[in-house]
Amino acid sequence: MAVRSIKNCFDPVLRKQCEVVKNIDGELVALSEDMIETTLAAPGIGLAANQIGIPWRIFVVNLGVETEKDNLITLINPEITAMEGSELGEEGCLSIPDVVAKVKRATQIELKAVDLNGKDVRYEASGLLARALQHEMDHLNGILFWDSLGKIKRDILKRKFKKKIKEQSE
Ligand SMILES: [Zn+2]
């Protein structure tokens, strides 16, 4: 297992419509283990494979996000099957560190996916977990959380983030 480096939001891989996973093999299990380790190290609530440069439909999320206990799971080819309610809430992204903004999300969702054993799984989620799942789903479709903000607001955040990257590289 290894901590992988996380791509930032200006990397084109973050804009990819990710590919459906066809085979659950050793390579995928190893990828999932690295993704979990990378999420814990960041630390973050979830991570999509394209955030470490792999444009496949797979993400990890911490089911224990609202408790003290970490419980990271891997979801393959996930699909949101129902959404209800709407709520503004603060959100950030490991690919845009230190930038947060209020994003509107459904308050309750249902999701289906395949787990690492190839078994169909279903989850119902609300609150912060529902938000995290919607955020990770967006990554698989090349969407970043600030896309839903107005252009002016997004440009301010982009400039702030670009400045930060520049400072760090000097
Ligand atoms: Zn993200």
Among the numbered conditions (1) loosely packed, with under 15 Cβ neighbours inside 10 Å; (2) modelled with pLDDT under 95, tell me where V65 comes up short.
-> (1)
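Return the only residue of I143, I76 being away from the ligand (no atom under 16 Å from the Cβ) and either within 20 Å of S32 (Cβ to Cβ) or at pLDDT 95 or above (or both). I'd like the intermediate steps shown before the answer.
Working: I143 fails: away from the ligand (no atom under 16 Å from the Cβ).
That would be I76, the only listed residue that is away from the ligand (no atom under 16 Å from the Cβ) and either within 20 Å of S32 (Cβ to Cβ) or at pLDDT 95 or above (or both).
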Every pair of residues 6+ apart whose Cβ atoms lie under 8 Å, when the first sits in the range 78-99 and is at negative phi and in a loop (DSSP other than H, G, I, E, B) while the second is among the aromatic types (F, W, Y) and within 16 Å of the ligand (Cβ to nearest atom) | G92/F145; C93/F145; I96/F145; I96/W146; I96/F161; V99/W146; V99/F161
Within the range 23-58, which residues are within 13 Å of the ligand (Cβ to nearest atom) and assigned to a helix (DSSP H, G or I)?
-> M35, T38, T39, A49, N50, Q51, I52
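Considering only the range 59-108, how many residues are among the hydrophobic types (A, V, I, L, M, F, W, C) and out of contact with any Gly (no Cβ under 9 Å at 6 or more places or on another chain)? Show your work before the answer.
So the first thing to find is which residues in the range 59-108 are among the hydrophobic types (A, V, I, L, M, F, W, C), and the list is 59-61, 63, 65, 72-73, 75-76, 80, 82-83, 88, 93-94, 96, 99-101, 103, 106.
Add one more test, that the residue is out of contact with any Gly (no Cβ under 9 Å at 6 or more places or on another chain), and what stays is 63, 73, 75, 80, 82-83, 88, 96.
Total satisfying the criteria: 8.
I'd like the full set of residues that are assigned to a helix (DSSP H, G or I) and over 17 Å from the mean Cα position of the chain (by Cα), limited to the range 100-158. Working first, answer last.
Within the range 100-158, the first condition is being assigned to a helix (DSSP H, G or I), and the residues that meet it are 127-140, 145-148, 151-158.
Within the range 100-158, K151, I152, K153, R154, D155, I156, L157, K158 qualify.
The values are calculated or read from the model by the stated rules, or taken from the named source; none is laboratory data. Bear in mind the structure is a predicted one, so any value in this text is a computation, not a measurement. Neighbour counts run over all protein chains shown; Cβ positions are idealised from the backbone, glycine included.
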